[in-house]
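Student: Please see the structure below; I have some questions.
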Amino acid sequence: MTPSRTAFAAAIGIIATYVFGYRFIMRGQYKPKNCVFCNELDRKVYEDDEFIAFHDIKPDARVHLLVIPRTHFGTIKELKPEDLPMIRRMQDIGKRLLEQEGFSGENARFGFHRPPFNSIHHLHMHCLGLPFTPKRAERMFSKNGSRWFMPVEQLVEKMHTEQAP
């Protein structure tokens, strides 16, 4: 007798939890207790019914904010074309907050970590008011993207492409 797909998926989840230290939570599932961003946060600078923004605990720029949706999304790989308005709203919030701090245009950068380079398995947009501190962070958060970082405009373009028939 072979195990069902559900049992197989559950076994993989248990192995992933054991090996990687976190559960793979997909769109529409419950908020995991071990997700730092799903629990109460300090350092908030903005919140509404859908989003929260707060200072990064390990800033890589003069101002380094994270904007997160209250709904749990694991990474950018889980996004679908219908999530584009959410990404734009996250960017609008980040832009507004950085502008309040005096950063705009070339002095601001927005984007996401590319999986598997996520430190937290909850979708979060980095909003950076430049210059970088330390300077080495410029390589990681390159305006053209890198192995670790996808600028928001590249993500939006990718999402538009996936939407096309």
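Bear in mind that the values in this text are calculations on the coordinates, not laboratory data. Because the structure is a prediction, the values reported are computed rather than measured. Here Cβ is always computed from backbone atoms with ideal geometry, including for glycine, and neighbour counts include all displayed protein chains.
Student: Would you mind counting up the charge near VAL45? Only other residues with Cβ under 14 Å from its Cβ, with Lys and Arg at +1 and Asp and Glu at -1.
Tutor: Values: positive: ARG43, LYS44, LYS95, ARG96; negative: ASP42, GLU47, ASP48, ASP56, GLU99, GLU101.
Charge balance in the 14 Å sphere: -2.
Student: Is there a pair in LYS80/LYS143; LYS44/LYS158; LYS58/LYS80; LYS77/LYS135; LYS58/LYS158 whose C-alpha atoms are over 26 Å apart, and which pairs would that be?
Tutor: LYS44/LYS158; LYS58/LYS80; LYS77/LYS135; LYS58/LYS158, as the Cα separations exceed 26 Å there.
Student: Using Cα pairs closer than 8 Å and at least 6 residues apart in sequence, work out the relative contact order for the stretch 96-165, in percent. Write out the running numbers ahead of the final one.
Tutor: Working: 65 pairs, mean separation 23.1, N = 70.
Once normalised by length, the contact order is 33 percent.
Student: Okay, next question. Using a simple charge model, +1 on the beta-carbon of Lys and Arg, -1 on the beta-carbon of Asp and Glu, nothing else, what dipole does the stretch 56-157 show about its Cα centre, in debye to the nearest 20?
Tutor: Numbers: 16 positive and 12 negative charges, 58 e Å.
Here the stretch 56-157 has a charge dipole of around 280 debye.
Student: Right, something else. ARG89: net charge of surrounding residues, Cβ under 14 Å, Lys/Arg +1, Asp/Glu -1, itself excluded?
Tutor: Numbers: positive: ARG70, ARG88, LYS95, ARG96; negative: GLU47, ASP48, ASP49, GLU50, GLU82, ASP83, ASP92.
Around ARG89, the charge tally is -3.
Student: If you take all C-alpha pairs in the stretch 61-117, what percent of them are over 17 Å apart?
Tutor: Values: 677 of 1596 pairs.
Roughly 42 percent, once rounded to a whole number.
Student: Below 14 angstrom from the Cβ of PHE54, what's the summed charge of the other residues (Lys, Arg +1; Asp, Glu -1)? If you can, show how the numbers build up before the last one.
Tutor: Values: positive: ARG43, LYS44, LYS58, ARG70; negative: GLU40, ASP42, GLU47, ASP48, ASP56, GLU101.
Here the charged neighbours net out to -2.
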